[in-house]
Amino acid sequence: MDGLSTILERRSCRVYQDKPVSEDVIHNLLKAGMYAPSAMNSQPWEFVVMQDAEKKEAVSQIVSYWSMLKKAPVAILVMANINGYRAKPDEFFVQDCASSTTCILLAAQAQELGAVYLGLYPHEDRMKKVREIYNIPEHIMPFSIVSLGYPESTSNPHTTFHTHKVHKDEY
Ligand SMILES: Cc1cc2nc3c(=O)[nH]c(=O)nc-3n(C[C@H](O)[C@H](O)[C@H](O)COP(=O)(O)O)c2cc1C
């Protein structure tokens, strides 16, 4: 799939085939997450590869609309290490991790996986529970989860171009 089609055809996928995702494919997802743009090239991200069924099940119960995690063969937890984070303002780690998450989503699409972005940060309750399950220290901020697997079905690409959202040279 060419780069533009990967972006334009991406949709969230929440139902997966019972088919494992290889370590090579996971490696590419992590590489995409690590190659994302970040403020001052700070690269604050760290990742937990979520494959343990019991722990995934526990995470799936944190929020009712995270149930897809139970059947996802793998998910990637994106986190920010804020120790010594050098970009100012400090909150740029949010954009950094969002860009990392998006790169993982696109790498999933490029490898014919289905994926969905699950929002964690800044919900303190979700972050606390995820911290407990994966034994994550305080200076590491759980940010998002990308749930992944080979798609059981696919959604049609978006088609609408919202001209009213585009302004030329002046608002
Ligand atoms: C910050 C953020 C949090 C999200 N959280 C969830 C979630 O908890 N559960 C879920 O099923 N989808 C979640 N999504 C996916 C959105 O629902 C989805 O991207 C949106 O409906 C647009 O659909 P599309 O991805 O197919 O274009 C989240 C997306 C973002 C960017």
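Give me the one-decimal Kirkwood hydrodynamic radius in Å for segment 3-153, with the sum taken over alpha-carbon pairs.
15.4 Å
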So Tyr65 and Asn41, fully extended at 0.36 nm per residue minus their Cα-Cα distance, gain in nm 5.3 nm
One checks the Cα atoms of segment 45-99 and finds Rg and Dmax, in Å, of 14.0, 39
Kirkwood Rh for segment 81-129 from C-alpha pairs, in Å, is 12.6 Å
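Could you tell me what % of all Cα pairs in segment 1-67 have separations over 15 Å? Can you show the working numbers first?
On the way: 1615 of 2211 pairs.
In whole percent, the share of Cα-Cα pairs in segment 1-67 beyond 15 Å is 73.
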Candidate cut points under trypsin sites (Lys or Arg not before Pro) in segment 119-171, DSSP loop plus at most 15 other Cβ atoms within 10 Å of their own Cβ, are Lys168
So for R0 = 30 Å, FRET eff. of Ser99-Ala58 from the Cβ-Cβ r, to 0.05, ends up at 0.60
Once the in-chain neighbours fewer than 8 apart are removed, the lysines whose Cα is under 28 Å from Lys31 read Lys19, Lys55, Lys56, Lys70, Lys71, Lys88, Lys128, Lys129
In nanometres, the difference between 0.36 nm per residue of separation and the alpha-carbon distance of Glu9 and Thr160 is 53.1 nm
When Glu132, Glu170 are arranged by how many other beta-carbons sit within 10 Å of their Cβ, fewest first, they go Glu170, Glu132
Per the 1/(1 + (r/R0)^6) rule, R0 = 41 Å and r from the Cβ atoms of Val49 and Glu170, FRET efficiency to 0.05 is 0.30
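None of the figures in this text is laboratory data; all of them are computed from the coordinates on show. The model shown is predicted, which means the values in this text are computed figures rather than measured ones. Neighbour counts are summed over all protein chains in view; Cβ atoms, including those assigned to glycine, are modelled from backbone coordinates with ideal geometry.
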